[in-house]
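The values are calculated or read from the model by the stated rules, or taken from the named source; none is laboratory data. Just so you know, these numbers come straight off a predicted model, no measurement behind them. Heads up, the Cβs are rebuilt from the backbone with ideal geometry, glycines too, and the neighbour counts pull from every protein chain shown. SASA here: full protein model, heavy atoms, side chains in, ligands and nucleic acids out. Shrake-Rupley method; radii C 1.70, N 1.55, O 1.52, S 1.80 Å.
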Amino acid sequence: MGLKEQIVEDMKNAMRAKDAGKLGTIRMLTAAMKQKEVDDRVELTDTHVLAIIEKMIKQRKDSITQFEAGGRQDLADIEKAELVVLSSYMPAALSQSEIEAEVASAVAGASGPQDMGKVMATLKAKLAGRADMSAVSGMVKAALTKP
């Protein structure tokens with residue numbers, strides 16, 4: 001069963017269980033998936049769905065930071081609940097040592113900071129959804145600037 005089918009099945013289960021919080025989050029996710037299908041006229045693959053979920057997770061994290069800074073803990077709690085549901089669809093995260101090994105192997109063929117884009121493109125394909133790409137970017141930048 002693909003990720004898209006799993007999400008639809010989870011939505012049905014949330015309806016049966018009358019879990020309003022989870023149902024709302026999954027409906028928001030399916031709406032984003034439908035929007036992507038309509039806008040790009042494509043059939044979504046698991047990679048596309050993971051990219052959508054990753055984007056929504058990033059939005060939730062940003063919102064939580066903003067709400068807590070503004071003293072709106074009630075809204076931050078709602079966003080945290082949505083974050084938990086969305087995170088359940090992401091693949092298992094890689095450990096720090098596994099990420100470092102991937103970065104080291106990708107940087108091995110690079111000649112310097114000018115190859116940052118090529119290295120990141122390679123790593124994005126391998127690590128999508130399994131690592132924080134902003135942290136990976138910092139690691140790549142540090143590795144490429146070493147003499």
Tally up the residues in the stretch 79-101 that are touching a residue at least 12 places away in the same chain (Cβ under 8 Å) and either open to solvent by less than 60 Å² (accessible area, probe 1.4 Å) or within 14 Å of LYS61 (Cβ to Cβ) (or both), please.
13
Could you check how many residues of the stretch 64-78 are in contact with a helix residue (DSSP H, G or I) (Cβ under 6 Å, 6 or more places away or on another chain) and either of a type in the set (A, V, I, L, M) or surrounded by fewer than 18 Cβ atoms within 10 Å (Cβ to Cβ) (or both)?
4
Of the residues ASP115, ASP74, only one is on the phi < 0 side of the Ramachandran plot, modelled with pLDDT under 85 and assigned to a helix (DSSP H, G or I); which?
ASP115
Out of all the residues in the stretch 102-128, which are β-branched (Val, Ile, Thr) and either in contact (Cβ under 8 Å) with a residue 24 or more places away in the chain or under 14 Å from ALA143 (Cα atoms) (or both)?
VAL103, VAL107, VAL119
Limited to the stretch 25-41, what total is found for residues that are open to solvent by less than 40 Å² (accessible area, probe 1.4 Å) and either closer than 11 Å to ILE7 by Cα or small (Gly, Ala, Ser) (or both)?
6
When you go through (1) within 17 Å of the chain's Cα centre (by Cα); (2) modelled with pLDDT under 95; (3) open to solvent by less than 40 Å² (accessible area, probe 1.4 Å); (4) closer than 21 Å to MET133 by Cα one by one for LEU44, which number turns out not to apply?
(4)
Residues in the stretch 1-24 that are surrounded by 14 or more Cβ atoms within 10 Å (Cβ to Cβ) and among the acidic types (Asp, Glu): how many?
2
